[in-house]
Amino acid sequence: MAEVFFDNPPAQGGTAEEQLKTLHGYLQTLSQKLNEALMNISLEQLAENGQTAIINAQKGAEAAEENRQGLKELIIKNAEISRTEEEEIRAQLSRNVEAISEAFGTYQESTTAEFQVTAQGIQQIYNSLQTVISNVNGISDYQTALRGYIYSGELQTSPRKVGIAIGQNVTNEDGTLNDANKVATFTSDRITFYLNGVEMGYYEGTGFHIPRGEVEDSMKMGNFVWKIFEGGAMGLMKE
């Protein structure tokens, strides 16, 4: 807080009119200093109170989340009567193709789409198996398999977030999503991309964040373009 000093009242001397004029000037100066002091105090208090309010709000939100999670665990742990009701819908759609040629061989394709709907979200699992058995000399048999998922629902519990997750080769033995094969997640405030389960980049707020990137031709920033020319040279141009 800024310090404020006031001058002592002026010594009285001269005529009554002169004394009154001197006193008026002193009071005017005193009023000005008091107003400036009050304004400084108000601004400092507003800044200090605003910063304190932000810190207290953050601490309050964290404490509320800890209390909520702790209370939830305490209730479940000590419950004498517990009941869980959960509805689940499962469906499977399939498509099978088989083509046989005496001259060239056999082609087989099996595709399924499995749907699991619960109160937490909707999980869609796609499986595709393709097999070619060749009768042509020099051409080998082959088999390819694809297994992927799209999940929409609750992705995060603390804090709670809903969104969409996309991945391949896909679930653990207990049916839960395998994060190691997650490709991308989309929520209301963040888009995240993964490679082999490791976060490689994300878009949040007003910017895209990546630890490393590669530009093959050009990159535009406002009215300027960084461009790679033939022979490997790079230059900055204005459009």
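Could you look through the range 118-146, keep only residues that are part of a strand (DSSP E or B) and over 45 Å from the mean Cα position of the chain (by Cα), and pick out the one that is farthest from residue 187 (Cα to Cα)?
If we filter the range 118-146 for residues that are part of a strand (DSSP E or B), which is where we start, we get 121-134, 142-146.
Filter once more, keeping what is over 45 Å from the mean Cα position of the chain (by Cα): 133-134.
Working: 133: 44, 134: 46 Å.
If we take residues in the range 118-146 being part of a strand (DSSP E or B) and over 45 Å from the mean Cα position of the chain (by Cα), then 134 is farthest from residue 187 (Cα to Cα).
In this structure, does residue 97 turn out to be surrounded by fewer than 15 Cβ atoms within 10 Å (Cβ to Cβ), of a type in the set (Val, Ile, Thr) and without any contact (Cβ under 8 Å) to a residue 24 or more places away in the chain?
Criteria met by residue 97.
Any residue at all in the range 106-117 that's in a loop (DSSP other than H, G, I, E, B), closer than 16 Å to residue 165 by Cβ and polar (S, T, N, Q)?
No: zero hits.
Find all pairs meeting these conditions: Cβ atoms under 9 angstrom apart; at least six residues apart or on different chains; first residue within the range 73-86 and over 21 Å from residue 158 (Cβ atoms); second residue modelled with pLDDT of 75 or more and hydrophobic (A, V, I, L, M, F, W, C).
82/76
I'd like the residue in the range 208-234 that is touching a Lys or Arg at 6+ places or on another chain (Cβ under 9 Å) and loosely packed, with under 10 Cβ neighbours inside 10 Å and, out of all such residues, is farthest from residue 193 (Cα to Cα).
Top of the filtered list is 223.
Take the range 94-105 and flag every residue that is at negative phi and part of a strand (DSSP E or B).
At the first step, the residues of the range 94-105 found to be at negative phi are 94-104.
Passing the criteria: 94, 95, 96, 97, 98, 99, 100, 101.
Within the range 138-156, track down each residue that is hydroxyl-bearing (Ser, Thr, Tyr) and loosely packed, with under 11 Cβ neighbours inside 10 Å.
Answer for the range 138-156, where residues must be hydroxyl-bearing (Ser, Thr, Tyr) and loosely packed, with under 11 Cβ neighbours inside 10 Å: 140, 142, 144.
The values are calculated or read from the model by the stated rules, or taken from the named source; none is laboratory data. Computed from a prediction, not measured in an experiment: that's the story for all the values here. Methodologically, a virtual Cβ is constructed for each residue, glycine included, from the backbone with ideal geometry; neighbour enumeration extends over all protein chains shown.
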